[in-house]
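Novice: After the C-alpha cells below, expect a handful of questions from me.
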C-alpha cells in the first residue's frame, strides 16, 4: 500500500473513531477510578472455606448484572418472553454454579456500563463490602469476640473510601422516604411485568442474609455444616417456592443485624436499589439522559450522608430466634417489613395527594401520619362516603401492585398509573414526576411521618459476642446436596 493510501486509511479510521466517541452517552467519559478491598487476616476466607457458597453468591451477582442489559435492550412489549428466557438462564447459572469468581457488573452488562457507569460503581463497591463481611465471619483467624471490631472497621472503610456511592447505614425505612420513588411513573414495573426474574431476586435476597445468620448460629467452628444446610434449603425449597416480597436482613438475619446494624442496613439499601434501577430501565417514557438523571438522583438520596449512622439501630427484629436453615411460611408471602414500610409511606403521602374536593381535617391527617391504626375506624367514620370509597379502591390497587405479576382486577402500568386511574384529579407536585427531581415537600412529609412513629424508638440492643455459639444439631442430612 502506498504512503498516501496508508495516510488516507489512517485518517478514515480516526474519523470513524471520532464519530463513534461522539455518539457515546455523555457519561461514557465518567472517571472510572476504583477502590480496592481492605487488607486483613480474613481476605478470601469465604472463597477458601465455603467455596460452593462463594460460587452461589457469584452466580446471583451474574444475574443482577445481566438483568440491566436485558431491560435496557428489550422493548417493553416483549417483557413476557424476556422475563421467561432470562429467569431460565439465571436458574441454570446458579444450579450449575457457572460462576467461579466474583464478577464486576460491567462484565455481564457492558451496554449499561457505557450509559450509567455510576450505578455499577455503587453496586460493585457494595458487593466488595459483601465479600469483606462474609470473609470476616468465615475466618477462624479472627476470634468470635473480635468479629464486631473487624466488621466495624470494614464498614468505616466502605463509607469513607467512596463516599459518593456508598449506601447509607440508616435503615431502609428512612432511605425509601428519602429516595421518594413510590409515585414515580416507573415504580413497580419490574415486579409486575417481570415477575419470574423479580422473584428469582427475592430468592437471592433470602439467601444472602440467611448465610450471614447461618454463620452467626454456627460460630467459627460449626459453620461448615450449618452453611451446607442453608444452601440445601435454598436449592430444595427457596428456588422452587420463592418469596413474594423482598425480605430484609432484620427478618432473615436478626442476629447479624444486631452485630452490625450499619452493615445490615447497607445491604437492605442495596437490595432495594436493585429493584428501583430495574424499574427505571424497564420504563419507556424517558430518554437515556433522563433515566441517567433519575438513577443518579436516587444514588444521591440513598448514599451515606453524615449523621445517618445515628439512625442505624432504629429498627426491631420481628423474628429474633429464627433459624436460617428453615424456610418458614412467614418468609413466603407479601406481608412483612417491606410491605409495612410501603403502606406507611402511602398513608403519609395520601393527605398531600387528595384533591381539593376531598380535603382531610388536621385530625385525620395526623392519624395517617402517625399510623395510628387503633383509631382507623374513627378516621374512616370521619371520611365522606366518596373519600372512603376512593381510599378503599386506592388501597386495593396498592396491595395488588405490591405483589409480583398482575392480579385479577389490577389496573395496568405502574403504581402511579393505577392511582391516577382511581383518582384522576389526584394532586401531584410537578417536580415529583420529573426525571432527576423530587418533591422536597413530599420527602419532608414522609420523613416527619417516620420520626413521629419511630424517632423516639430505643436503639436495638447490640448482639452479645463474648461467647461463641455452638452449632445446633443438623436439621437434615446434607448428602443430597448438588
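Novice: Taking the condition at pLDDT 95 or above, farther than 21 Å from residue 139 by Cβ, surrounded by fewer than 23 Cβ atoms within 10 Å (Cβ to Cβ) and touching a helix residue (DSSP H, G or I) at 6+ places or on another chain (Cβ under 6 Å), does residue 186 pass?
Specialist: no
Novice: Tell me which of these residue 55 doesn't satisfy, since it passes every other one: (1) more than 21 Å from residue 190 (Cβ to Cβ); (2) in contact (Cβ under 8 Å) with a residue 60 or more places away in the chain; (3) in a helix (DSSP H, G or I).
Specialist: Only one criterion in (1) more than 21 Å from residue 190 (Cβ to Cβ); (2) in contact (Cβ under 8 Å) with a residue 60 or more places away in the chain; (3) in a helix (DSSP H, G or I) is unmet by residue 55, namely (2).
Novice: Among the candidates 215, 237, 221, single out the residue that is assigned to a helix (DSSP H, G or I), in contact (Cβ under 8 Å) with a residue 24 or more places away in the chain, surrounded by 21 or more Cβ atoms within 10 Å (Cβ to Cβ) and at negative phi.
Specialist: 215
Novice: To continue, here is another question. Here's a check for you: in the stretch 457-473, which residue that is modelled with pLDDT under 95 and touching a helix residue (DSSP H, G or I) at 6+ places or on another chain (Cβ under 7 Å) is farthest from residue 149 (Cα to Cα)?
Specialist: 472
Novice: In addition: Of all the residues that make up the stretch 420-434, how many are surrounded by 15 or more Cβ atoms within 10 Å (Cβ to Cβ) and farther than 21 Å from residue 174 by Cα?
Specialist: Residues that pass the stated criteria total 6.
Novice: Could you please let me know if residue 38 is over 24 Å from residue 161 (Cβ atoms) and either exposed (fewer than 12 other Cβ atoms within 10 Å of the Cβ) or out of contact with any strand residue (DSSP E or B) (no Cβ under 7 Å at 6 or more places or on another chain) (or both)?
Specialist: Judged against the criteria, residue 38 is not a match.
Novice: Say we look at the stretch 91-117 and pick out the residues that are over 20 Å from residue 289 (Cβ atoms) and within 18 Å of the chain's Cα centre (by Cα); which of these is surrounded by the fewest Cβ atoms within 10 Å (Cβ to Cβ)?
Specialist: Top of the filtered list is 104.
Novice: Oh, and also: List every residue pair whose Cβ atoms sit under 7 Å apart, with the two residues 6 or more apart in sequence or on different chains, where the first one lies in the stretch 454-482 and is on the phi > 0 side of the Ramachandran plot and the second, anywhere, is assigned to a loop (DSSP other than H, G, I, E, B) and at pLDDT below 80.
Specialist: Filtered contacts from the stretch 454-482: no entries.
Novice: Looking at this structure, is residue 164 touching a strand residue (DSSP E or B) at 6+ places or on another chain (Cβ under 7 Å) and either part of a helix (DSSP H, G or I) or under 18 Å from residue 269 (Cβ atoms) (or both)?
Specialist: Against the criterion (touching a strand residue (DSSP E or B) at 6+ places or on another chain (Cβ under 7 Å) and either part of a helix (DSSP H, G or I) or under 18 Å from residue 269 (Cβ atoms) (or both)), residue 164 qualifies.
Novice: Another question about this same structure. Is there a residue in the stretch 124-131 that is within 17 Å of the chain's Cα centre (by Cα), outside any loop (DSSP other than H, G, I, E, B), free of Cβ contacts under 8 Å to residues at least 60 places away in the same chain and closer than 19 Å to residue 275 by Cβ?
Specialist: no
Novice: Right, next: Just need a number here: residues in the stretch 41-52 that are surrounded by fewer than 23 Cβ atoms within 10 Å (Cβ to Cβ) and in a helix (DSSP H, G or I).
Specialist: 6
Novice: Could you tell me which of the residues 367, 349 is surrounded by 15 or more Cβ atoms within 10 Å (Cβ to Cβ), closer than 30 Å to residue 205 by Cα, at pLDDT below 90 and out of contact with any strand residue (DSSP E or B) (no Cβ under 8 Å at 6 or more places or on another chain)?
Specialist: Details: 367 fails: closer than 30 Å to residue 205 by Cα.
From the options 367, 349, the qualifying one is 349.
Novice: Related question: Please pick out the residue among 297, 313, 292, 303 that is farther than 16 Å from residue 205 by Cα and in contact with a strand residue (DSSP E or B) (Cβ under 9 Å, 6 or more places away or on another chain). Break it down stepwise before answering.
Specialist: Working: 297 fails: in contact with a strand residue (DSSP E or B) (Cβ under 9 Å, 6 or more places away or on another chain); 313 fails: in contact with a strand residue (DSSP E or B) (Cβ under 9 Å, 6 or more places away or on another chain); 292 fails: in contact with a strand residue (DSSP E or B) (Cβ under 9 Å, 6 or more places away or on another chain).
Testing whether each residue is farther than 16 Å from residue 205 by Cα and in contact with a strand residue (DSSP E or B) (Cβ under 9 Å, 6 or more places away or on another chain) leaves just 303.
Novice: Which of the residues spanning the stretch 391-410 are over 17 Å from residue 344 (Cα atoms) and surrounded by 19 or more Cβ atoms within 10 Å (Cβ to Cβ)?
Specialist: 404
Novice: Yes or no: the stretch 40-52 includes at least one residue that is free of Cβ contacts under 8 Å to residues at least 60 places away in the same chain and more than 23 Å from residue 215 (Cβ to Cβ).
Specialist: No.
Novice: Quick check on residue 202: is it closer than 23 Å to residue 125 by Cα, crowded, with 22+ Cβ neighbours inside 10 Å, modelled with pLDDT of 95 or more and more than 13 Å from the chain's Cα centre (by Cα)?
Specialist: So residue 202 fails the test.
Novice: Turning to a different aspect of this structure: Consider residue 375 carefully, then state whether it is over 14 Å from residue 182 (Cα atoms) and either modelled with pLDDT of 90 or more or in a loop (DSSP other than H, G, I, E, B) (or both).
Specialist: No: the conditions fail for residue 375.
Novice: Taking the options 264, 253, 293, name whichever one is crowded, with 23+ Cβ neighbours inside 10 Å, closer than 30 Å to residue 112 by Cβ and more than 15 Å from the chain's Cα centre (by Cα).
Specialist: Unique residue meeting the criteria: 253.
The values are calculated or read from the model by the stated rules, or taken from the named source; none is laboratory data. Keep in mind that what you see is a predicted model, and the values were worked out from it rather than measured. In this analysis, Cβ positions are derived from the backbone assuming ideal geometry, glycine residues included, and neighbour counts consider all displayed protein chains.
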